[in-house]
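A.B. asks: To start, I am sharing the structure in question, which I have written as structure tokens.
The values are calculated or read from the model by the stated rules, or taken from the named source; none is laboratory data. Small disclaimer: the values here were computed from a predicted structure and weren't measured. Using ideal geometry, Cβ is built from the backbone for each residue, glycine included, and neighbour counts are taken over all protein chains shown. Each accessible area value is taken on the protein alone, full model and side chains, heavy atoms only, with ligands, DNA and RNA left out. Shrake-Rupley method; radii C 1.70, N 1.55, O 1.52, S 1.80 Å.
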Amino acid sequence: MKKYILSLACLAALGTQAQNIYEIEKVGSTDLSGTARFVGMGGAMNALGADLSTMSGNPAATGLYRRYDFALTASALGQSDAEKMGGQGRVRGSFDQMGAVLALRTGSSKVPFFNIGFNYQKSRNLKQFFGTDWINLGNLSMTHQLADQLYGAACGFQVVGDNSFVADFPNYNSIVSNGAYDAGLIGMEIDDNGYCTDVLSPAQSTAYRFKRANWGRVGEYDINFSANVKDRAYFGLTAGIYEVNSCSSLYYEEIFKDAPYPGANDFGLAEDTRLRGTGFDMKFGAIFRPIEESPFRFGIAFHTPRILSLTQEKYAQFDVHPDDAKYDQLATGEYDYYIRTPWRLQLSAATTVSNWLALDAEYELANFKRTAIKYPTRYSYDGPSITDADKDYFVADEINYSLRPQHTFRLGAEARFAEQFYGRIGYNFVSSAFKKDQALLNLAEATTSGDYTELPNCTYNATSTDYINLGNTNRLTLGLGWHGKNCYFDVAYVCQNQKADGYGFMEGSYDADGNLVGNQLAPFSKDIVRQSGVFTFGVKF
């Protein structure tokens with residue numbers, strides 16, 4: 001069978017490839033990370049303040065410092081059911097934080113301290129594994145989705161020459177569909193005039209499974225300025241610079257019930273991706289102590305969206321068993337795009353009791369419905385202006401359909417149980433950014449807009465069909481610390497449980513009016529449990 005029937009069109013489309021909401025969630029969400037003291041209290045320190053990691057939450061919190069502070073933090077994160085993929089095992093060490101604050105006395109009674117801080121910390125540790133058991137398929141197959149996509153892209157247009165491309169091709173097909181065509185898993189019907197009339201997927205399968213491993217980081221470099229006003233009000237500003245370095249590895253496998261050609265038992269799809277880039281945001285915060293005689297205080301902070309400039313590349317390869325015939329590696333090359341993450345609003349309240357107990361409670365809102373993906377202007381192909389032209393409207397529709405505001409609740413407590421020893425406990429609840437049971441990544445139909453026939457929902461540069469809807473997250477944290485006169489050592493333990501529904505592909509389910517209402521493929525549901533230990537050494541003077 002002829003290879004890469006639409007490869008020329010795919011190469012031409014690399015500049016306008018659409019991404020998806022999963023990339024937004026990956027780089028737009030945050031983990032619980034930072035100093036061991038901060039982590040041990042569940043990140044609930046943004047009203048208590050005086051910790052290096054608080055400058056990424058409420059910038060005013062560093063205004064409570066009255067001494068210089070320097071700290072280093074490392075961690076080890078593990079997932080017990082993780083399999084070795086991409087060189088990643090069950091446990092991985094990590095350098096999580098390094099920072100300092102300079103507490104500068106001004107000599108003024110109104111503003112006694114003006115503080116300057118710098119801190120690096122891992123905003124998100126992307127190490128995560130999701131694997132399924134063998135799942136019954138009946139007569140469903142990933143190839144049905146790819147055949148529907150190829151049909152929407154090619155049928156009704158003339159195939160010319162040696163079937164190497166479609167004349168006057170109106171749309172850019174996905175790379176994974178091209179690979180399935182190359183492997184003989186889907187095929188075209190051509191009439192006597194050379195026009196594509198149908199795309200067939202003769203494969204029917206009994207079961208499938210897949211596993212996906214992610215690793216990497218979103219690193220955050222914060223530059224912070226804060227001021228203490230009469231020990232009653234604290235104000236701060238943080239400029240954040242971000243670096244993204246993310247990798248992913250997938251293996252998908254199906255067992256045929258009715259193979260597309262004799263001798264084939266099953267097929268596999270392997271995929272590797274890399275995402276890297278940089279970005280920035282700004283954070284503004286304030287903390288107020290309304291009653292002079294009381295230690296009670298409350299804080300408010302606002303984070304602008306991160307603007308991230310990203311470069312992605314993907315590689316994929318089909319193989320068909322039992323002869324393990326491997327087909328040429330499919331590659332996207334490098335392509336660029338921008339992501340605008342959600343803005344965040346944070347509210348916090350804290351108090352201390354007799355210098356032996358500290359309590360903090362917080363709420364944070366991240367509006368994922370206000371996110372977006374855009375492309376470099378030179379890749380624009382539609383719209384009357386640059387602003388309109390470079391926005392991905394398919395992703396905008398998918399965001400509106402599939403994402404929702406994310407709510408985070410944090411509680412933390414610290415108790416001094418000896419002269420220099422402290423115990424800590426914390427809890428987090430983080431709601432899912434995804435609407436429940438949403439049918440995502442629908443590649444089944446083409447839509448016509450003006451002179452363009454286009455495939456919806458981010459299919460252009462697809463090298464796989466799986467997706468995972470991450471659910472609510474619960475975290476329990478514990479910590480211990482020893483604080484001497486000039487140095488300190490803290491340790492923390494985190495157990496995180498997150499619900500997840502995984503789908504190997506999309507088999508559309510439609511109502512009587514032909515509207516997409518769900519995925520016929522049932523999800524594989526599991527709890528992703530990650531545990532980590534965090535260690536900090538610091539000096540104050």
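A.B. asks: Whole-Hz ³J(HN,Hα) for each residue in the stretch 294-310, computed from phi via Karplus 6.51 cos²θ - 1.76 cosθ + 1.60 with θ = phi - 60°, x for glycine and proline: what do you get?
C.D. replies: Karplus-based 3J(HN,Hα) across the stretch 294-310 equals 10, x, 4, 8, 9, x, 9, 9, 10, 10, 5, x, 6, 9, 10, 9, 10 Hz.
A.B. asks: Rank by packing, highest mean first: peptides 288-300, 215-227, with packing defined as the count of other Cβ atoms within 10 Å averaged across residues. Before the final figure, lay out the partial values.
C.D. replies: Details: 288-300: 14.7, 215-227: 21.6.
Listed from highest to lowest mean packing, they are 215-227, 288-300.
A.B. asks: Accessible area of residue 407, 1.4 Å probe, to the nearest 10 Å²?
C.D. replies: Accessible area, nearest 10 Å²: 70 Å².
A.B. asks: Counting only heavy atoms of the protein chains, get the accessible area per residue of the stretch 471-541 (1.4 Å probe) and round it to a whole Å² value.
C.D. replies: Values: 3300 Å² over 71 residues.
Counting only protein heavy atoms, the per-residue value for the stretch 471-541 is 46 Å².
A.B. asks: List the residues, sorted by chain then number, that are 5 or more residues from residue 335 or on another chain and whose placed amide H is less than 5 Å from its amide H.
C.D. replies: 312
A.B. asks: Considering the dipole of the stretch 457-541 built from charges on the beta carbon (Lys and Arg +1, Asp and Glu -1) around the Cα centre, which of 472, 503, 515 is farthest to its positive end?
C.D. replies: So the residue furthest toward the plus end is 472.
A.B. asks: Tell me, what ³J(HN,Hα) does each residue in the stretch 238-254 have, in order and in whole Hz, if you take phi through Karplus 6.51 cos²θ - 1.76 cosθ + 1.60 with θ = phi - 60° and put x for Gly and Pro?
C.D. replies: Taking θ as phi minus 60°, the curve returns 10, 9, x, 10, 10, 10, 10, 9, 10, 10, 8, 9, 10, 9, 10, 9, 10 Hz for the stretch 238-254.
A.B. asks: Just order 24-35, 492-503 by mean Cβ neighbour count inside 10 Å, highest at the front, would you?
C.D. replies: Details: 24-35: 24.4, 492-503: 19.3.
So the order, starting with the most tightly packed, is 24-35, 492-503.
A.B. asks: From largest accessible area down, sort 348, 354; use a 1.4 Å probe on the protein chains. Write out the running numbers ahead of the final one.
C.D. replies: Details: 348 10, 354 95 Å².
These residues rank, largest area first, as 354, 348.
A.B. asks: Now, a different point. Taking the highest mean first, how do the peptides 122-132, 177-187 order by number of other beta carbon atoms within 10 angstrom per residue?
C.D. replies: Working: 122-132: 20.7, 177-187: 24.5.
Top to bottom by mean Cβ count within 10 Å: 177-187, 122-132.
A.B. asks: With every protein chain kept in place and ligands, DNA and RNA left out, what is the accessible area per residue of the stretch 188-286? Probe 1.4 Å, answer in Å². Write down the numbers at each step before the final one.
C.D. replies: Details: 4000 Å² over 99 residues.
The answer is 40 Å² per residue.
A.B. asks: Which percent of the accessible area of the stretch 50-143 is formed by carbon and sulfur heavy atoms (probe 1.4 angstrom)?
C.D. replies: Values: 2110 of 3750 Å².
Reported share for carbon and sulfur atoms: 56 percent.
A.B. asks: Could you derive backbone 3J(HN,Hα) for the stretch 49-60 from the dihedral phi with the Karplus parameters 6.51, -1.76 and 1.60 (θ = phi - 60°), listing whole Hz in sequence and x where the residue is Gly or Pro?
C.D. replies: x, 6, 9, 4, 6, 5, 5, 8, x, 10, x, 6
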